[in-house]
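Coordinate-derived values only; no laboratory data. Because the structure is a prediction, the values reported are computed rather than measured. All Cβ positions, glycine included, derive from the backbone under ideal geometry; neighbour counts span all protein chains shown.
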Amino acid sequence: MKKVLYISKLPIGAELHRGLGISGSIQYRAVSELLGKNCILYSLDDYKSYRFLSKEVLIYKRYEGMTREKEKEIIRIINKNKIEIVYIDNSLWGYLVKNIKMQCDCRVYIFCQDIEASRVSSIVNYEREKKRYVRYLWHQLWKRRAFLNEKMAISYADKIVTLNKRDSLCLEKIYKKRVIWKYQYVY
């Protein structure tokens, strides 16, 4: 049976009132039920201490709590445990996906809950319309970094999972890449 490493930015089950917690929890349960003991969970426990104005974000372009040190740790886990599939619950970890594909012999699946380039574009447009120029410029920087990371994640991933058909169509339109699996929730 294949070994899977499931990487999430929140502890599974945490903040279930938010969409991210619900979708992450449902996905992890589905993957772990299929694979049982062969599914390892890696969660970024210090997500609450994540700061957008950090060196990792501004210089090294990492997002959502990911750091270069955590990327190295994840790669060590993959190689040590001979992981065959890595399931990443975040489309903004493009550098992680790239480094895994370059340094490990495994398949990488990413989950796009929202297409971040589209979501951040709408925030940028809103800030411009409200004439909040400082926030507009800040979100422009965020948009460029989000697009870079998401594009990298999508281009290096072996399979892409989206939340729904709308996200799938948006991803295909922006990145010209076909989605393999559209995730449908059943509550």
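Computed values, structure above
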quantity	calculated
For TYR156, net neighbour charge (Lys/Arg +1, Asp/Glu -1) across residues whose Cβ lies under 12 Å away	+4
Listed pairs LYS37/LYS177; LYS9/LYS143; LYS130/LYS165 exceeding 28 Å between Cα atoms	LYS37/LYS177; LYS130/LYS165
Pairwise label distance in nanometres, LYS80 with GLN103, each label 7 Å out on the Cα-Cβ vector	1.3 nm
log10 of Debye I(q)/I(0), alpha-carbon scatterers only, for segment 60-157 at 0.11, 0.16 Å⁻¹	-0.37, -0.67
Percent of C-alpha pairs per 5 Å bin, segment 59-106, short to long	4, 22, 35, 25, 11, 2, 0
